[in-house]
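Comments concern the structure below.
The values are calculated or read from the model by the stated rules, or taken from the named source; none is laboratory data. Note that the structure is predicted; figures quoted are calculated from it, not measured. So basically every Cβ, Gly included, is an ideal-geometry build from the backbone, and we count neighbours across all protein chains shown.
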Amino acid sequence: MLDKVTLDVYADVVCPWCYIGEKRLERALAERPELPVERRWRPFQLRPEMPPEGSPWTEFARSKFGGEENARAAFQHVTAVGAEEGIRFDFGRVASAPNTADAHRLILFAADRGRPWEMANALFDAYFARGADLNDAGQLAAVAAEAGLDADEARAFLTGAVKAGEVRDAQAEAARLGIGGVPFYVLDGCYGLSGAQPTGTFLRALDAISEERTASGRA
């Protein structure tokens with residue numbers, strides 16, 4: 001049996017392409033069940049300078065895309081791509097551009113309980129399909145319950161600052177690696193893939209690692 005492959009996923013829960021990339025990656029991993037992979041969430045805040053309470057979505061989108069018309073075109077495109085992956089984007093329901101530190105902390109909290117990807121996907125869906133406020137502790141706790149965690153425990157966790165250092169450390173590590181945008185995937189600590197790659201690209205990368213390990217006797 002091959003040694004476990006590490007797969008570090010640098011992503012943010014308010015990044016639609018991270019959500020799309022996650023679905024494509026999940027499909028690739030499902031097609032290679034014989035390859036043991038340890039997939040790890042690595043927090044990356046696209047806007048670490050965002051106020052703790054976040055910002056109004058319309059103002060943020062207008063600034064980011066250079067006007068409402070450009071924003072509308074970008075949202076239509078990502079919505080169409082997402083639909084092909086079984087993702088429902090409803091940008092009309094998104095009300096805020098949050099500071100995602102607490103959302104990242106919650107994923108790390110879920111990782112300690114063996115459910116990081118359930119938590120990440122629940123946050124993606126809550127934000128992009130239902131317009132959840134990811135700076136509201138009550139709403140975050142409700143999303144944690146959807147991911148199979150205890151809502152009261154999650155709410156209590158969010159009142160403190162546990163895991164905040166890990167979020168900052170992951171951001172610093174991304175900078176050290178030269179990662180300026182997400183999603184970004186680091187396979188086996190040495191191979192990098194940038195962007196929401198097609199499933200086939202993930203499969204080729206996994207196959208190359210598998211073949212390299214077999215050839216080197218790491219089985």
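Things worth noting here:
- Those residues of the stretch 48-88 which are among the aromatic types (Phe, Trp, Tyr) and either farther than 19 Å from Leu140 by Cα or loosely packed, with under 14 Cβ neighbours inside 10 Å (or both), in sequence order: Phe60, Phe65, Phe75
- Across the stretch 57-67, not a single residue is classified as of a type in the set (Ser, Thr, Tyr) and modelled with pLDDT of 95 or more.
- Of all residue pairs spaced 6 or more apart or on separate chains, those with beta-carbon atoms under 7 Å, a first member in the stretch 137-166 that is among the β-branched types (Val, Ile, Thr) and a second member that is modelled with pLDDT of 95 or more and not in a helix (DSSP H, G or I) are Val143/Ala132.
- You will find that of Leu134, Leu149, the residue that is in contact with a Phe, Trp or Tyr (Cβ under 7 Å, 6 or more places away or on another chain) and either of a type outside the set (Ser, Thr, Tyr) or part of a helix (DSSP H, G or I) (or both) is Leu134 and no other.
- Matching entry among Ala174, Ala196 (being modelled with pLDDT of 95 or more, in contact with a Phe, Trp or Tyr (Cβ under 6 Å, 6 or more places away or on another chain), more than 16 Å from Asp3 (Cα to Cα) and assigned to a helix (DSSP H, G or I)): Ala174
- Residues being surrounded by 14 or more Cβ atoms within 10 Å (Cβ to Cβ) and either of a type in the set (Val, Ile, Thr) or more than 22 Å from Glu85 (Cα to Cα) (or both) - total across the stretch 17-47: 9
- Candidate set: the stretch 68-92, residues that are charged (D, E, K, R) and modelled with pLDDT under 95; chosen: the one nearest to Lys23 (Cα to Cα): Arg72
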